[in-house]
Every structure is written in structure tokens, then in C-alpha cells.
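First the structure, in the form of C-alpha cells, and then the observations on it.
The values are calculated or read from the model by the stated rules, or taken from the named source; none is laboratory data. Quick caveat, the model's predicted, so the values are computed rather than measured. Virtual Cβ from ideal backbone geometry, glycine too; neighbours counted across all protein chains shown.
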Protein chains: 2
Amino acid sequence: MARKQSISIIEVARLAGVSKSTVSRVVSDRGGSVSPKAEGLVNKAIEELGYTRNHHASGLRTQRSWMILVMVPDIANSFWAEIARTTQDGLEAGGYSVVIGNTDWSEQRQERYYGLARSGRFDGLILNSVTDDLDAIKDMGIPTVLLGERVEAQDIDTVGTDTRAATRIALDFLWARGHRRIAIATNEHGSERFLSLRRRTYGEFLSEKGVAVDRDLVFRLNLSEEGGKELAKSILSLPRWQERIDAVFCGNDVIAIATIDALAAAGVAVGSDISIIGMDDIPAAAHSRPALTTVRKMRTLTGKAAAELLLARISDPGRPTEKRLFPGELVTRASVAERCIHT
Amino acid sequence: MARKQSISIIEVARLAGVSKSTVSRVVSDRGGSVSPKAEGLVNKAIEELGYTRNHHASGLRTQRSWMILVMVPDIANSFWAEIARTTQDGLEAGGYSVVIGNTDWSEQRQERYYGLARSGRFDGLILNSVTDDLDAIKDMGIPTVLLGERVEAQDIDTVGTDTRAATRIALDFLWARGHRRIAIATNEHGSERFLSLRRRTYGEFLSEKGVAVDRDLVFRLNLSEEGGKELAKSILSLPRWQERIDAVFCGNDVIAIATIDALAAAGVAVGSDISIIGMDDIPAAAHSRPALTTVRKMRTLTGKAAAELLLARISDPGRPTEKRLFPGELVTRASVAERCIHT
DNA sequence: ACTTTTGCTGGGAACGTTCCCAATATGGCA
DNA sequence: TGCCATATTGGGAACGTTCCCAGCAAAAGT
């Protein structure tokens with residue numbers, strides 16, 4: 001495991017009997033015109049010495065690293081993992097290598113990665129910000145694509161789910177199945193505006209339908225398993241809840257599933273006594289009892305679009321910013337009941 | 001998004017009224033002795049100019065990047081995701097930043113990351129190799145820790161599950177529950193020796209118990225959902241399978257769960273007609289019907305140990321190689337029956 | 001008062017590339 | 001044969017750091 005010592009362009013040049021400039025022209029495809037003969041000699045010398053280009057030096061000169069950082073808040077969550085994975089294909093086709101940064105919802109970790117980005121280690125960034133500080137992103141001064149809708153991010157390229165549309169899909173479905181007393185369970189985790197989009201859409205939807213918002217049916221919690229347990233408790237402790245709640249629209253699948261489990265444990269028949277709909281379609285959604293009806297986010301499209309936008313931005317930093325939002329699609333399983341219309 | 005122009009150590013020095021050497025001493029904590037007064041001036045100038053250290057230049061000089069690459073074969077698999085995440089804590093405490101590379105079981109992608117590593121971009125590597133080419137790893141010439149047991153990796157630090165021990169835990173449990181006709185379902189994916197360890201332990205176990213290996217009870221397949229479906233089909237098509245198979249030891253949870261689902265769909269009562277035991281304890285294992293009994297791999301310990309070993313190797317490249325293997329722990333759920341002993 | 005130690009500083013030479021510019025060789029054309 | 005255009009080459013000068021070494025002042029010891 002001896003660290004390779006100083007096999008630089010110069011030793012290669014010496015062995016090949018050419019100048020370092022020529023070697024440089026060969027290894028960096030850019031610099032044009034080298035005679036076939038010289039190129040052959042250089043390649044042979046490279047092979048023989050086991051030379052590999054020092055990227056610190058090259059990057060110092062060119063200010064390019066050919067690496068792209070994809071920052072996600074939770075790599076152990078399959079939703080993010082899959083998005084990260086999907087970006088790879090497009091980016092690698094463009095000649096870049098992709099590395100993933102996991103912030104674990106921690107501002108400190110995020111700042112750490114921002115530091116890496118600022119110091120010129122990456123040619124581009126695809127990220128879901130834990131905080132609301134979009135200026136920090138612009139200040140890094142490198143091409144960036146945001147994952148996840150941000151109303152206020154007008155001058156940064158964005159890719160994500162159209163939360164409004166996705167929320168409507170869920171609510172429309174509940175309504176079509178005859179539910180009228182619809183509750184909402186969501187949070188303010190890290191990014192208030194993003195989540196209030198669900199809440200806002202919920203309000204709009206109800207007023208469209210001529211239903212007043214019932215304060216007791218708006219639950220605020222963390223989008224975690226804990227949150228789901230809490231939600232179940234809150235529901236059960238609501239006096240005469242059976243008469244007050246038909247269905248619950250959950251901010252993500254994690255709480256939806258936790259709620260289903262907790263309610264089932266309390267003897268409630270989810271899917272007939274009460275309906276639950278989630279959002280994301282994580283793998284576990286297919287395995288809950290009853291299986292969760294949810295709105296699937298289009299991870300593949302999202303990842304692909306993020307890669308495209310970033311490549312476009314890199315090759316033309318002056319282009320107008322673009323937003324690509326995908327609506328999501330309904331995955332019908334068993335957690336939503338068919339209810340005869342009342343009231 | 002204008003790319004920051006040339007705010008180098010030199011402009012800082014000029015503004016602070018000191019030499020670039022002094023600035024360097026301040027920004028790189030290494031070079032000792034700077035007067036408090038000078039340090040104050042420098043910091044003020046840094047703040048004012050918004051200077052950030054160019055890491056290409058610094059890396060060129062010091063040959064350090066303070067970045068560590070963790071390579072995993074499938075970031076969308078929660079097992080790998082969690083391991084990758086766990087390494088972070090230890091490594092970041094050591095001052096390093098962690099980025100994750102996802103090979104997606106592709107040799108080409110792996111080679112791409114190897115290339116990055118060879119060009120000096122990382123100070124260390126934690127990886128699970130897709131191929132059996134351990135020489136390629138040594139040739140990179142940087143400190144490396146291998147994830148996953150490799151019999152032949154004698155001179156590389158290794159962290160992983162003690163496959164032998166984990167397999168025995170599963171088999172012992174099946175045996176204790178009265179199963180005697182135990183089948184095994186595993187693969188040769190990418191790393192033959194690793195997996196034959198399960199098969200070998202299976203053979204040893206049976207011969208210890210005085211049971212001959214029944215060729216029909218050794219299933220070879222991919223460790224994927226497809227493989228699981230195939231396995232169910234193979235079992236059901238075995239003439240009089242009820243009399244020939246008590247239990248199946250599955251190479252991982254993914255096939256175990258797929259098998260459970262497929263068998264259940266065919267009307268077989270898993271957990272009484274036949275027992276299934278898995279390995280890994282992925283999240284879905286708790287949600288299958290019946291819930292899967294499995295051997296949990298110790299991800300947290302594994303990630304932590306990998307970080308420790310890598311830091312130790314970096315600080316002392318000459319130290320003897322070390323292997324840390326963890327046995328795994330049984331997670332008892334419902335997919336294994338209690339059987340009265342027969343034969 | 002003189003030397004020695006100590007603490008701090010600045011100047012220059014690396015590190016391994018790429019880029020610019022000038023120099024040479026090659027070939028085509030008159 | 002002579003002359004111009006073109007293809008290929010080599011020699012420096014960057015890029016922004018860190019490191020080594022020498023210099024200098026202030027503090028400490030004799």
C-alpha cells in the first residue's frame with residue numbers, strides 16, 4: 001500500500017522522449033493536435049509507468065473537478081436514495097462522477113458540505129436544503145439544482161413534485177370515494193413554506209367543495225414514526241371521532257403507516273372505519289395492513305430532470321432558470337374505504 | 001451565480017497588511033505561531049473578502065483532500081444506506097467529510113470511482129467491491145477498508161458480518177424449533193467465495209447433525225424479488241414438498257419476503273406448513289405476513305468499526321491489518337414454526 | 001550590556017497541471 | 001526552388017497553496 005511517488009507528466013515526457021506539453025495534450029483531451037506517433041509513445045510511457053493524472057493540479061489550473069455532489073437529507077430513506085441513484089445515469093453520461101452527501105437533516109452537516117462545495121471541489125450541486133437559507137446556496141457560486149418545490153426559489157433551477165397537484169390527487173380521490181370529513185396531518189419540518197403548500201391546498205379544496213375547515217381535523221406533527229403514533233392517539237382521543245372523521249390525508253407514508261399500525265392495534269378497522277391516504281409510496285406502503293393507498297412521487301423522472309437541468313446550467317450559466325414539477329400518481333390499495341355519501 | 005473571481009490568500013494578505021505566509025498559517029491550522037494581533041487582522045480580512053480556501057491548491061501541496069469515499073453497491077437498499085450513514089459520524093469526528101459512491105452492482109461504475117480515488121481525490125476509501133479483484137484495490141495506493149467478509153483479503157482491513165456465525169444462528173434456531181429437513185436458497189452474485197461461505201456452513205452444520213445434504217434442497221438463485229418468486233415456484237413444483245421440506249434458510253430478506261408472499265398467494269401457510277428464515281432484517285421484514293424471522297446484521301457496529309479502522313490506517317499506514325466481524329442477532333418473528341420433532 | 005532563546009514574520013521555491021506563445025517541421029503551391 | 005499555410009512541438013509562466021529557511025524583534029538569561 002505504498003503511496004505512489006511522483007509519477008508526473010514529467011517522468012512520462014522523459015520516457016516518451018517528448019515535452020511535458022505534449023503529454024498534457026494527450027492526457028487532457030482538450031489541447032488538440034498531437035501526431036499519432038507522439039501519441040503512441042506517450043500512451044506507451046503512461047502504461048509503463050502506471051501514470052494517473054493528479055487531479056488537484058489539473059483542477060487548480062482548470063477550475064473543474066468533474067465531480068458532482070448530490071445532497072439528500074436522509075440516504076436511508078428509499079425515496080431519497082432512489083432519486084440520488086437516478087441522477088447518476090444522466091450525469092455520468094455527461095462525463096461527470098456523482099457522489100452523494102447525506103445531511104441527515106442536520107444543519108451542521110449541510111454546512112459542512114456547503115464548505116466542500118465552496119472550496120471548488122464540485123462542478124455542480126443537486127440538493128434538498130434542510131434550511132430555508134437559499135442565499136447560502138447562491139453564495140456558493142456553482143451551478144445548482146434544487147430538489148423539492150420552493151415557492152421562494154425563483155432564481156434557482158428546481159425539480160420536484162408538484163405538491164399542490166399531488167395533494168389534490170389525494171383529496172380528489174378521498175372525495176370521490178365519498179369521504180366528506182377529511183382530516184390532514186402534516187408538519188413544518190425545516191421548510192415551512194413547502195409544507196404549508198399542502199395545508200393551503202387542503203384549505204382551497206375544502207372551500208371549493210363548500211366545506212368549512214374544522215380546526216380539530218388539522219393535525220400538526222413530525223413526519224416520523226413517532227408522529228404517526230401521536231396522530232393515532234390524537235384521533236382516538238377526539239370525542240366521538242367516528243362521527244367526526246371519515247379520512248385522514250397524511251403528509252407522508254411514514255406517518256400514514258405508523259398510524260395504520262397504531263389504529264389497528266387499538267382495534268380500529270382502517271379501510272372501513274376510517275380511511276388513510278399517504279404520500280410518497282415508500283416500499284413499506286405495499287406491506288402495511290391494510291396496504292396503504294398513497295400518491296407516488298415520480299422519483300425516476302425527478303432524478304433524470306435534475307441531471308438534465310444541471311448539465312444545461314453548467315454548459316450555459318446564463319440561461320433562464322427552469323422549474324420542473326411532476327404531479328405524482330395515485331396508487332390505490334386498501335386503506336381507503338368506499339363510503340356511501342352522507343350529510 | 002457569478003463564479004467568485006480570484007479571492008486568494010494574496011488579496012487577504014494585502015488587505016490585512018501581512019504576508020501570504022501568515023495568512024496561510026492562519027487558514028491551515030497546522031503551521032503554528034501567529035500573533036493574536038495578526039490573526040485578528042487576517043480573520044477580519046477573510047470575513048470582509050468572503051475568502052474560502054481553494055482546495056485544489058491546498059491538496060496539490062499537501063496531498064490531502066480530507067474527503068473520504070464510501071462505495072456501496074446499492075444505495076437504495078436500506079442495509080447499505082444505513083451502513084454508509086453510520087460511517088459518517090466517526091469519520092466526521094476525525095475531521096473528514098464523507099461522500100457516498102453508488103456502484104449499482106456495475107463494474108463500470110466501480111471502475112469510475114476507482115479512477116477518482118487513484119487521482120488523489122480522497123484520503124481514504126470504505127468499499128464493498130462488486131468484483132473479486134482485490135489487487136485493483138491495493139493498487140489505488142490509498143488507505144482502504146473493505147465492507148463484507150472476504151476470505152482471501154488477508155492484507156486489507158475488513159469489517160463485516162461473520163457469515164459463518166450468522167448462518168449458524170439461523171440454522172441453530174431452525175434446528176431448535178424442531179426442523180430437520182432444512183433447505184438453503186442463495187446465490188453467487190458477484191462474489192462467489194463470500195456466498196459459498198453460507199453454503200459451506202450449511203454443509204458443515206448438517207454433517208455435524210448427521211444429516212446428508214439433499215441436492216433438491218439446495219436452491220441457487222438471484223438474491224432479488226425475482227429470485228424469491230422463482231424459489232416459491234421451485235418449492236411448490238417439488239413432488240410432495242410438504243414431506244420433504246420443513247424450513248428454508250434464505251440468503252437475504254428480499255428473497256425471503258418475496259417467497260413468503262408467493263407462497264401465501266398459493267395458499268401455503270408460512271409459519272406452520274413451512275418455515276422461512278431470512279438474513280439482514282430489512283425494514284420490510286417486520287411487515288410481511290407472516291412477519292419474517294431473520295438474522296439482523298449489525299449495521300451500526302459495522303459502520304462504526306469501518307470508520308475506526310480507516311482512521312487508524314490513515315494515521316498509521318504501517319499497522320497490521322485488522323478484521324472485525326460481527327455475528328448478527330436473531331430477530332424472532334412469525335415465519336418460523338414450532339414443530340414437534342419427527343424422523 | 002551581551003548573548004541566547006523564543007516567537008513571529010516574509011520571501012521564495014515547490015506541488016503537477018494547463019495554457020499561451022514562439023519555434024520548428026511539413027506539405028502544398030506557384 | 002522558394003514561399004506561405006498548416007501541423008506539431010517545446011519552453012516557460014501561471015493556478016493558489018504550503019513548506020522551508022532566513023531574518024528580525026522582543027524577552028530571558030548571564
* Just wondering, is there one or more residues in segment B:303-323 that are closer than 21 Å to B:V70 by Cβ and not assigned by TED's automatic domain parsing to the domain that holds B:G94? -> no
* Asked: Of the residues in segment A:276-321, how many are over 22 Å from A:I235 (Cβ atoms) and of a type in the set (G, A, S)?
  -> 8
* Among the residues of segment A:205-230, write down those that are at pLDDT 95 or above and under 19 Å from A:T161 (Cβ atoms). => A:F205
* Which residues, counting only those in segment A:67-112, are surrounded by 20 or more Cβ atoms within 10 Å (Cβ to Cβ), more than 24 Å from B:F79 (Cβ to Cβ) and at the interface with another protein chain (Cβ under 9 Å from one of its Cβ atoms)? -> A:M67
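Being farther than 19 Å from A:R296 by Cα and in contact with a His (Cβ under 7 Å, 6 or more places away or on another chain) narrows it down to one residue among A:G95, A:G90, A:G59; which is it? I'd like the intermediate steps shown before the answer.
Details: A:G95 fails: in contact with a His (Cβ under 7 Å, 6 or more places away or on another chain); A:G90 fails: in contact with a His (Cβ under 7 Å, 6 or more places away or on another chain).
Selected residue: A:G59, the only one of A:G95, A:G90, A:G59 that is farther than 19 Å from A:R296 by Cα and in contact with a His (Cβ under 7 Å, 6 or more places away or on another chain).
Quick check on this structure: which one of B:S58, B:S119, B:S129 is more than 10 Å from chain A (Cβ to nearest Cβ) and hydroxyl-bearing (S, T, Y)?
Numbers: B:S58 fails: more than 10 Å from chain A (Cβ to nearest Cβ); B:S119 fails: more than 10 Å from chain A (Cβ to nearest Cβ).
Residue meeting the stated conditions: B:S129.
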* **Restricting segment A:21-47 to residues that are within 23 Å of B:L60 (Cβ to Cβ) and surrounded by fewer than 15 Cβ atoms within 10 Å (Cβ to Cβ), the residue that is farthest from DNA strand D (Cβ to nearest atom)** => A:D29
* Asked: Can you tell me which of B:G95, B:G101, B:G90, B:G120 is assigned to a strand (DSSP E or B) and of a type in the set (G, A, S)?
  -> B:G101
* If you take just the strands (runs of 3 or more DSSP E) that sit entirely in segment A:240-335, which of them hold at least 3 residues that are in contact (Cβ under 8 Å) with a residue 12 or more places away in the chain, over 15 Å from the mean Cα position of the chain (by Cα) and surrounded by 20 or more Cβ atoms within 10 Å (Cβ to Cβ)? -> A:247-250, A:275-280, A:293-296
* Asked: With respect to the numbered conditions (1) within 13 Å of DNA strand C (Cβ to nearest atom); (2) without any contact (Cβ under 8 Å) to a residue 60 or more places away in the chain; (3) more than 19 Å from A:A312 (Cα to Cα), which one is the sole condition not fulfilled by A:E107?
  -> (1)
* Structure fact -> Restricting segment A:132-169 to residues that are in a strand (DSSP E or B), in contact (Cβ under 8 Å) with a residue 40 or more places away in the chain and not small (G, A, S), the one nearest to the other protein chains (Cβ to nearest Cβ) turns out to be A:T144
* To do: Just one of (1) at pLDDT 90 or above; (2) within 14 Å of chain B (Cβ to nearest Cβ) trips up A:R181, so point out which.
  => (2)
* Those residues that are out of contact with any helix residue (DSSP H, G or I) (no Cβ under 7 Å at 6 or more places or on another chain) and free of Cβ contacts under 8 Å to residues at least 40 places away in the same chain, I need them from segment B:49-67; list them, please. => B:H55, B:S58, B:R61, B:T62
* What is the residue count in segment A:53-65 for residues that are more than 7 Å from DNA strand C (Cβ to nearest atom) and surrounded by fewer than 17 Cβ atoms within 10 Å (Cβ to Cβ)? -> 2
* Any chance segment A:26-36 includes a residue that's among the aliphatic types (A, V, I, L, M), more than 10 Å from chain B (Cβ to nearest Cβ) and within 10 Å of DNA strand C (Cβ to nearest atom)? -> yes
